[in-house]
1. Heads up, I need the accessible area for ASP397: 1.4 angstrom probe, whole protein in place, Å², nearest 10.
2. Report, by chain and number, residues whose modeled amide H sits under 5 Å from the one on ILE145, excluding near sequence neighbours (fewer than 5 apart, same chain).
3. Name the residue from HIS237, LEU191, VAL164 whose Cα lies farthest towards the positive end of the charge dipole of the chain, charges +1 on Cβ of Lys and Arg and -1 on Cβ of Asp and Glu.
4. Considering only protein heavy atoms, with the full assembly of protein chains and a 1.4 angstrom probe, order HIS144, HIS237, HIS242 by accessible area, largest first.
5. Can you give me the distance in nm between label points at THR41 and THR341, each placed 7 Å from the Cα along the Cα-to-Cβ direction?
6. Using all Cα-Cα distances in the chain, what percent lands in each 10 angstrom bin from 0 up to the longest?
7. Order PHE411, PHE406, most accessible first, counting only protein heavy atoms with a 1.4 angstrom probe.
8. What's the local net charge at ARG326, with K and R +1, D and E -1, over the other residues with C-beta under 13 Å away?
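The values are calculated or read from the model by the stated rules, or taken from the named source; none is laboratory data. Please read these numbers as outputs of a predicted model, since none were measured by experiment. All Cβ positions, glycine included, derive from the backbone under ideal geometry; neighbour counts span all protein chains shown. Just the protein is used for accessible areas: all its heavy atoms, side chains included, with ligands, DNA and RNA removed. Shrake-Rupley method; radii C 1.70, N 1.55, O 1.52, S 1.80 Å.
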Amino acid sequence: MDSPRNIILGVGAGIAAYKAVSLVRLWRARGHNVYVIPTPTALKFVGAPTWEAVSSAPVHTDPFEDSAHVEHVEQARTADLIVIAPATADLIAQLSTGMASNLLTATVISSDCPVVVCPAMHTNMYRHRATQRNLDLLRCYGYHIIEPASGALTSGDTGQGRLVEPVDIVAKVDDLLCDSFTYPPGTEQTLTGKNIVISAGGTREAIDPVRFIGNSSSGKQGVALAAQAARRGAHVHLVAAHVADSVLEYLPKDVSVTTVVSAQQMSTAMKALSKEANIIVMSAAVADYRPQRTATQKIKKTEDATTVTLTLEQTEDILVSLCAERKKGQVIIGFAAETGTDEEVVNYARQKIARKNADYLIVNNVSGGKVFHEDTNSVTIIDRSGAIIGQCTGTKDNVSAGIWDFLTPMFQ
Ligand code: CTP
């Protein structure tokens with residue numbers, strides 16, 4: 001970071017606030033302008049005179065203090081970067097919901113510059129699912145998270161939760177800013193100009209008005225792929241079958257979503273959207289069979305019928321249809337969930353890609369019910385010759401990043 005920047009340091013109400021004083025010193029020594037905006041309670045840890053002395057700038061906490069200047073908007077407009085250190089569990093929760101009740105949260109939500117969040121709290125607070133979910137939401141908004149360090153905590157416990165040392169925050173911020181000023185590392189705009197349609201979730205085929213044949217797909221992998229593609233600049237449309245709202249909320253707001261119920265509805269939606277698509281991804285678990293007849297009334301249990309027989313008919317194979325109607329230059333990617341040894345799984349995938357005529361197949365081994373509803377995954381990507389072109393393991397978000405990293409060079 002060579003030229004002077006306007007940096008806003010947001011300070012949360014944590015004991016590590018005292019360490020953030022060095023951050024101001026380090027940035028000022030490099031010629032940057034630093035404006036400190038503590039939350040009102042953060043002033044209990046380090047007072048305004050200290051911040052004003054180290055930053056040589058006035059310190060405010062209340063958006064109504066200088067209403068004539070609409071300070072939060074003015075601060076947000078002139079900032080090149082916002083760094084929040086320490087970010088407490090409470091402050092992270094406020095940011096994740098877009099609250100704007102003090103000058104700091106109002107400034108963050110008014111800004112369009114990069115935001116770097118440096119959490120610091122007790123290990124249990126950090127590991128709590130609420131905090132992790134809120135941090136995931138911040139990642140979805142494009143905020144950079146600098147994970148806390150492990151070591152001795154103020155409570156006397158030891159664990160992850162210490163604010164990363166100020167010199168390391170400065171170095172990481174430099175890395176981020178050199179890479180790209182707007183997107184987290186690894187999300188360069190490599191998919192700009194691509195129109196991508198992705199299916200996710202699992203279809204349901206009605207037996208009667210209250211019962212259906214369904215499957216265990218949560219849609220998390222498809223949603224993660226859609227989110228990653230959008231962050232890389234693609235125009236993304238997701239066709240979602242029974243994907244929970246709590247999963248869909250991880251999508252960036254510019255991803256369009258069509259919700260469907262059955263294989264038939266998914267086929268209609270995918271075919272319509274695919275007309276303009278450069279890349280199609282069928283990650284949904286589509287029912288292979290549906291009841292030949294759907295009862296219009298709830299089927300009643302009768303004493304003498306100890307068994308019932310449902311006659312099923314095959315559904316359309318949407319991937320096969322999309323490949324058969326492939327537009328010029330369109331790339332079509334299928335998924336395959338298989339069971340068996342890793343070798344067997346890849347061999348099934350080779351047969352499947354040939355049968356379906358897809359360009360790439362992303363295969364995961366679901367032996368023993370692995371993968372469904374979990375946040376982690378492990379996949380192998382094969383091309384139409386059956387060659388393995390990549391393998392990715394990790395959170396579904398990391399796996400999605402890996403999938404796009406492997407496939408993007410193939411789209412050029
Ligand atoms: N698929 C589809 N339409 C179907 C069934 C599957 O478009 N009716 C797509 C899936 O979205 C996935 C790929 O085909 O991209 C492979 O799905 P999978 O269930 O693994 O394959 P099947 O063809 O159903 O074969 P099998 O269940 O026998 O392994």
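1. 50
2. The list, which skips near neighbours in sequence, is VAL117.
3. HIS237
4. HIS242, HIS237, HIS144
5. Label at THR41, label at THR341, 5.7 nm between them.
6. Taking every Cα pair in the chain, the percentages come to 4, 20, 25, 20, 16, 10, 4, 1, 0.
7. My answer, sorted largest first, is PHE406, PHE411.
8. Once all neighbours under 13 Å are counted, the net charge is +4.
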